[in-house]
Amino acid sequence: MKVFVKEYTVTTSGREDIVNITRLVEEAVRESGIRNGLVLVYVPHATALLIVNEDEPGLRKDYISKLLQLFPRYGDYLHNRIDDNANAHLASAFVGSARIFPLVDGRIVRGTWQEILLVDMDGPRTRRIVVEVLGE
Ligand code: ZN
């Protein structure tokens, strides 16, 4: 079994932002030369998260609206006694910061409307993305 790891960085803008990282992940898979196995996509951050779903302008706003409804920025959070981003930690904790995809015949298996979206809840920042491809 081969293991290939590639790291990217993206820059977000605004407190909340969404960056479509599908092409970066596909680039890493191509570069790996691995045809069948698994692809792990991971953001090593406590205040960002990953969504696998449609990338459409209205839906982008809906994702952020729903996240802010579930995790309002100015809630009664203990963490905000020492920081100002408890809602971003909670969104990351509950949605998750990693996704795994099957890799079959050189292609990531995903639905037509499944894009890989990095959601920053505490931007603007530079965010790291780790793509690990395992297989042969
Ligand atoms: Zn914090």
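Observations on the model:
- Test for residue 94: is it within 16 Å of the ligand (Cβ to nearest atom) and over 14 Å from residue 16 (Cα atoms): yes
- Restricting attention to region 21-44, the residues that are in contact with a helix residue (DSSP H, G or I) (Cβ under 9 Å, 6 or more places away or on another chain) and either over 20 Å from residue 133 (Cα atoms) or assigned to a strand (DSSP E or B) (or both) add up to 2.
- Apart from one condition, residue 63 fits all of (1) open to solvent by less than 60 Å² (accessible area, probe 1.4 Å); (2) of a type in the set (Ser, Thr, Tyr); (3) over 25 Å from residue 130 (Cα atoms); (4) away from the ligand (no atom under 16 Å from the Cβ); the exception is (3).
- Here residue 74 clears all of (1) assigned to a loop (DSSP other than H, G, I, E, B); (2) surrounded by 13 or more Cβ atoms within 10 Å (Cβ to Cβ); (3) among the hydroxyl-bearing types (Ser, Thr, Tyr) except the condition numbered (2).
- Qualifying residue in region 125-136 (condition: loosely packed, with under 13 Cβ neighbours inside 10 Å, among the β-branched types (Val, Ile, Thr), closer than 21 Å to residue 34 by Cα and modelled with pLDDT of 95 or more): no
- The single condition from (1) under 12 Å from the mean Cα position of the chain (by Cα); (2) within 16 Å of the ligand (Cβ to nearest atom) that residue 71 fails is (1).
- Selection within region 28-55 - within 16 Å of the chain's Cα centre (by Cα), away from the ligand (no atom under 16 Å from the Cβ) and surrounded by fewer than 19 Cβ atoms within 10 Å (Cβ to Cβ): 40, 42, 52, 53, 54, 55
- Being in contact (Cβ under 8 Å) with a residue 60 or more places away in the chain, more than 16 Å from the ligand (Cβ to nearest atom) and open to solvent by 30 Å² or more (accessible area, probe 1.4 Å) is a property that holds for residue 105.
The values are calculated or read from the model by the stated rules, or taken from the named source; none is laboratory data. None of these values were measured; they are calculated from a predicted model. As a convention, Cβ positions derive from the backbone with ideal geometry for all residues, glycine included, and neighbour counts pool all protein chains shown. Side chains included, ligands, DNA and RNA excluded: accessible areas come from the protein's heavy atoms. Shrake-Rupley method; radii C 1.70, N 1.55, O 1.52, S 1.80 Å.
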